[in-house]
Structures are given as structure tokens and as C-alpha cells.
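Quick notes on the structure that follows.
What follows draws every value from the coordinates through simple rules; no lab data is involved. Because the structure is a prediction, the values reported are computed rather than measured. Here the Cβ is made from the backbone with ideal geometry for all residues, glycine too, and neighbour counts use every protein chain on show.
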Amino acid sequence: MTGAAVLPPGAIGRFAVVKLWPEIKTAEDECIARLKIAAAAIGVECFEVNADGSHLNAPELRVSPETVDFVLHLHYDTPKLYDAFSLVALWNPTQFYHEWGYQRTSRNLITHDDFVSCNSRAADDHVARMVHNVGTHLPAAFHLYHSLDQVVHGPSLGDGKLFYAGINWEAVTGGQSRHQEVLKRLDQTGALRIYGPTIFQGVKVWDGYQGYVREIPFDGISMVHEIHKAGLALVLSSQAHKDSELMSNRLFESVAAGALVICDENPFAKRFFGDSLLYIDSRNSVEQIAADIQAHMAWAAAQPEAALAMIAKAQAIFDGGFSLRGNLLDLYHGLPARRQALDARQRDGKPDAMPVTMFLLMPTFALSVLDRHLQNVAAQTHDAIDAVLVIASDLTTEDKAEIEQRLAAFTSHARLVVREASFERSGLHGVATRRPLGAVMNELLEGVPTDGAFMFVAPNETLFSNHVRVVANALVQDPTLDSVAASVILQYGTSPIHGIHDIIDFTHIDSRQPHGFARFLFRSAGIDSQIGIALPYLDRKVMAVLSGAQPPKQLVPSTVVIDALQEFPSGPWSEAQENAVLADFCPPVFRRQTGFIALLPGIHVPQTRTRLLVRVVRKLMNRRWVIGQFRALRQRGLAARLQVLKRKLS
């Protein structure tokens, strides 16, 4: 560490940043490298983790509230998958969410605990709209830019060359753009220095450009040095970035490099940097844009003192609010009060007093399940918990001894007891059949205190440390509620792309999208006194009958992770028979609840399908497009790509 700042009391001095695709190099690598540099400058440690919170270099270790102050998530493509305070960066134009599935990607954002803004009104308002009616979040308060620790080089016009860095996507897709045409014209002048990958997706993307130099490593600093050597930097934005008034990191690194910036009409640049930059308007003709850029370069060569003064002004603005060092210090010093404000909003002034009984179901002995159950209890921040580990009555002596050994080492503020239950019905000659899960639950509920609430935790579920507190507070805040349900995260093996499950639809059970168990918290006094004539006859749909006629209030926080590849319960069952029991006892349970997922009206665009199919056929003839789709499939998963296709065909 190169320096130290005075951190607030209780700060650990470590934070993690998620690297979503460890196997490939992306722009996020540059941001992460710069975050590490800025963190070291204020005396804290920044390290990389996978999407599930496991350490990049030590996957057996995972982040927790005891090991990090927070986790920074840079992308919208995955939800929060770790039990630690999580901040998601609002660094992407809103158009990107529509391109990658608006509902899924937007929903991912609010699985995180809070947000960091880069002062894009559109990006900030996007989140503000989603949370303005929920009691768990607040609009973004902190600013964190994809910037640098501090100014690296003082003002200089360097070699008087124009720096540009990019991928040249048009070479990959086979298309053309105004940016590309402008670069071709500037390349002919000999004044342009182009940096970027030599080969991308099998294509020599800068082939034919005489100004192409080389690829620059994503180490957080090499790019800045090359910009400084050139002296001038061309900063162009995509239309999506302009529409969202959001700037790429190129502006910040160019200013930190001490170069004179020539920028397009992105409103962010003019809003914050004003006349400290030179501007072009990319809506003009290609000829006009190229002429304006060359005129700016000629002015800088003729008026070097004025140009250097302009750079100095831009760097003063940078120091005033856009340095990563300053951003991180503001975040660290403001985070304790911010977390208190979020906690107060979630509690709504009510005490943390709801007693909760947690039934930890373990019909089959497995050390991994036992350890998960114990960790689920030990991690909870809710004060009043009675945990009941429910084991099969026919466990072997060795298995029971193993359980006793684990419990002897268990420490928690919660009270934990073991209760045996008959998960199977014995027959002649040792033949046994599995009892309906509802029959076991019905027996467990006898004697549950009526002044509290209860939940069941399945063997394939992991609870975040705030889960019981979130659902219990919801019952405390509204005494008229009989049940509540958090959202769940469905985890499919080691894939980085997972799904948020809001929908509660008991008309059909999909083993790939289970409703789960622990997400539901039931007020004991609200359970129908005649539940015993229905619950024992249910297996998969036990949560339906416990929910009763009043549907559970659905909550925004996603505080339960379900291993969707481990079905529970499993085995033969009759959905028709269970539906009949529910229809006789409580027909309203078949109402479909969508939670936070809004059912958007369809948009009919005549002939779009035909035109799209024609475009797809043409692209299938394009080798570069096919290669790009194959790589996207590997990186993002089949479900994500099918969702994009479905959206485009709708």
C-alpha cells in the first residue's frame, strides 16, 4: 500500500470487485486495475472475486460481512450471489438493458443493496423508478466514475498526434459506421495513432490502417502513458452513451494523461467539463467532422499556450470530483450513515422483535447439507430465532454422532434443537416409501408458538445473513399480513448467469424454476386451524396451502439462493391430485403473482418478423457474425441468448 487515509470506525479496509468473465480480457479489467491503484493510495485493499463471491485466486474462500466492507459489482448481467453488502455500478446506457433483456437485467440491479452513480441522469432515473415504491432501497447517493486514481501527467501536447483506442466493431460485423469513415479520413493524414486489439474474434480489426500501433495491456496505466505521448485524444461516444448522457472511461483517462481532448456532442462532457474540451458534432457529415478535428489540431499547434491552459482547466475539474481516490474516500466515509439510512427504511421504525422458528429439513443425511443449515442459522442478523434441525428418525448411530459433533462446535445467538421425524413409511420386509412432505410438516407445526412466525429451509437453499430479518420485518410492519415471500436466486451450477425468481404460480411446478421454501415466512396465528385436512396430502405444493387465501406479500430483496440442479423434494408425485386438494380447500391459491416483474404489453410491428428472418439468414452467411454468436453463447449462456432472440422475434 502506498498511503493511508483515516477510515471510519469499524471499517475493515478491504473491498472486493466482481470479475464476471475471468477467462477473457475486457474493459472491466482496466477499471479493476485502476480501482486497485486507487484503493492502495488510500490504504485499503481491493481484490477480485468471481460472480458468486469466491476469491479469484482462492475459490475456496468467499466474501462475507466479516471479511469485506462491501463488494463492487460492475455489470448488470448477473444478480448478487454472495452474502456481503453489495454496490452495483450504474455505468451502462439504458439501451443496453433493452438489448440484453430489460426485465432480467434491470431486476439484477436491485438484488444489490445499493448503487453507485456516474452522474448519468438516465441511468440514475432508471434505478430510481424501480425503487421509488419499495421500502428496501434508496436512489443512488455515491458517485464512482470509471476513472483513475488521480492526474498522472501534467498538461502536454506531446508529439502533436491524435490518440484513438477501440475495437473497430464494424470490421467484426462487416458493417460500416460514421466513426469508421472519419477514422479512415484521419488515418490518411498521418496524424492518427490507433490502439486496440490486433485480432478480435478471429478478425484483424485494424487491417489497412497505417496509423495502427499496437494493443495496450489492461493494466490501469499503460493507456494513459500512450495518450500522454500522443498529446491529443479523440473521445467518441456511441449513440446509446449520448442518449443516456453517460461517458466512457476514455474522457477521464485522457484528462488524467494531460492530453487535449477532442470530444463529440455527448451532453455529459459539456455539462461537467464545459469549455475545457474541444468539441465536434458527429451528426454532421463525415467530411465536416474530419475537417473540424483537423482544425482543432491546427489550432492547438498554433496556440500551444492556450491549449495547455485548456488542459489544466480540465484537470482541475477532474480533481474536483472525478478522481477514483476521492470517490473511494467519499464512499468509505459515507457508507456507515448510508447503511443506517437503508436499515431504517427497511425497519420503518419498528423493533426487530418477531420470534421466528426455522425448520431445517434434512430427510437424508449429508455433511454438506448439515453444514449449510448450520451456516444459514449462524449467519442470521435477526435477533429472535429458534432453529429446529429436522432429521430422519431412522438415521444410523454414526450419522447421529456426526451431527452431535457438529452441534457441539456450533456457535450462534439462535437456539438450536434437533427433532426427529418420519420421512418414510415402513412396510413389510424393510420396504419403505417416502411420506408426503406435507405430512411431516403438519406434525412439525404442532406446538409452534402462536405469537411468532415460522419458515421451512430446504436442503438445497442458502440464506443471506439478512434474510430472516428482511421477511420478519415485513410482517412486523404490516400486522394484517399472514405471510410474505422474498425473491430467490436460481443457481445453475457454475454458470455466471443466473436468474431472479419472482413469480409465484402454484398452478404448475417447474423443477427448473422451483418456488423454494425458505423464501416464505408465515405468521403462526394466520394459519388456517383446519390445515390438517389438506397439508398432509401435499408434497410439492405445500407452500401453496400454507399461503392460504391471502397471497403472500412479495418483497424485492433476493435473499435466498436455490441450487436449481438439486431438486427438492424429488420422487414420484401426482400434480393432479395435489391440485384437487388445493382446489377443494383453498381455490384462491391458484392466483398467479408476478412480484416485481411487470408484465409489459406486447408491441406489434408489422412485417418485422419477416425482415428479421431475412437479416438472420444473411448473417448466417457471414462467418464473422457466426463466430461472434458462438463466443457470446459460451460467455453468456444459452438462456441469455435465447432471451435476446425471443425479444427480437416478438
Total formal charge among the other residues, if their Cβ is under 15 angstrom from that of GLU398, Lys/Arg +1 and Asp/Glu -1
-2
Only helical DSSP H runs with n ≥ 4 go in: add -39500 (n - 2.57) per run for the chain, normalise by residue count and round the 222 nm mean residue ellipticity to 500 deg cm²/dmol.
-11000 deg cm²/dmol
Cα-based equivalent ellipsoid of the stretch 420-513: semi-axis lengths in Å, sorted from largest, via gyration tensor
28, 23, 13
Cα extents of the stretch 276-397 per principal axis, largest first, Å, are 89, 35, 26
Positive end of the charge dipole of the stretch 375-419 (Lys, Arg +1 and Asp, Glu -1 on Cβ, about the Cα centre): tell me which of VAL377, SER393, LEU407 has its Cα farthest that way.
VAL377
Charges only on Cβ, +1 for Lys and Arg, -1 for Asp and Glu: so what's the dipole of the chain about the Cα centre, in debye to the nearest 20?
2100 debye
For the stretch 118-215, with +1 on Lys and Arg beta carbons and -1 on Asp and Glu, the positive-most of GLY175, VAL213, PHE200 along the dipole
GLY175
Take the eigenvalues of the Cα gyration tensor for the stretch 357-479, scale each by 5, and report the square roots as semi-axes in whole Å, largest first.
27, 18, 11
If you place +1 on the Cβ of every Lys and Arg, -1 on the Cβ of every Asp and Glu, and leave all else neutral, what size is the dipole of the stretch 74-118 about its Cα centre, to the nearest 20 Debye?
120 debye
Excluding same-chain residues fewer than 8 positions from LYS553, which aspartates and glutamates have a Cα within less than 12 Å of its Cα?
ASP478, ASP482, ASP502
Rg [Å, one decimal], Dmax [Å, integer] - the chain, C-alpha atoms
28.6, 101
Could you tell me which of rounded, prolate or oblate describes the stretch 161-319, using a ≥ b ≥ c as the square roots of the eigenvalues of the alpha-carbon gyration tensor, with rounded for a/c under 1.5 and, failing that, prolate when a/b is larger than b/c and oblate otherwise?
rounded
Considering only Cα-Cα distances, which of the following residue pairs are longer than 22 Å: LYS25/LYS204; LYS19/LYS242; LYS229/LYS313; LYS161/LYS184?
LYS19/LYS242
With the dipole of the stretch 322-448 worked out from charges on the C-beta (+1 for Lys and Arg, -1 for Asp and Glu) around the Cα centre, which of THR357, MET441, LEU324 lies farthest toward the positive end?
LEU324
If you take every DSSP beta bridge whose two residues both sit in the stretch 348-590, what share of them, in percent to the nearest 5, is antiparallel?
35 percent
Within the set of other residues whose C-beta is less than 12 Å from the C-beta of GLY595, count the net charge using Lys and Arg as +1 and Asp and Glu as -1.
+2
Which order do the peptides 40-48, 194-202 take when ranked by the mean count of other beta-carbon atoms within 10 Å per residue, highest first?
40-48, 194-202
Please report the antiparallel percentage of DSSP beta bridges with both residues in the chain, rounded to the nearest 5.
25 percent
At q = 0.10, 0.13, 0.14 Å⁻¹, what log₁₀ I(q)/I(0) does a Debye calculation on the Cα points of the stretch 1-139 give, no solvent, two decimals?
-0.34, -0.59, -0.68
Kirkwood-based shape ratio for the stretch 96-147, expressed as Rg/Rh from alpha carbons:
0.95
Where does the charge balance sit around MET247 when Lys and Arg score +1, Asp and Glu -1, over other residues with C-beta under 13 Å from its C-beta?
0
In terms of the alpha carbon gyration tensor, root eigenvalues a ≥ b ≥ c, rounded if a/c is under 1.5 and otherwise prolate when a/b exceeds b/c or oblate, the stretch 471-598 is oblate
Percent antiparallel among DSSP beta bridges with both residues in the stretch 161-319, to the nearest 5?
10 percent
So how long is each side of the stretch 1-72 along the principal axes, counting just the alpha-carbon atoms, biggest first, in Å?
36, 25, 16
How large is the dipole of the stretch 344-501 about the Cα centre if only Lys and Arg carry +1 and Asp and Glu carry -1, each at its Cβ, rounded to the nearest 20 debye?
300 debye
Which percent of Cα pairs goes in each bin when the distances of the stretch 348-590 are cut into 5 angstrom slices starting at zero?
1, 6, 14, 18, 20, 19, 12, 7, 2, 0, 0, 0
Rel. contact order, % - alpha carbon contacts under 8 angstrom, at least six apart, the stretch 161-319:
20 percent
In whole Å, what is the distance between the alpha-carbon centres of the stretch 27-47 and the stretch 322-388?
27 Å
Taking the alpha-carbon centre of each part, the distance from the stretch 515-535 to the stretch 131-154 in Å is 42 Å
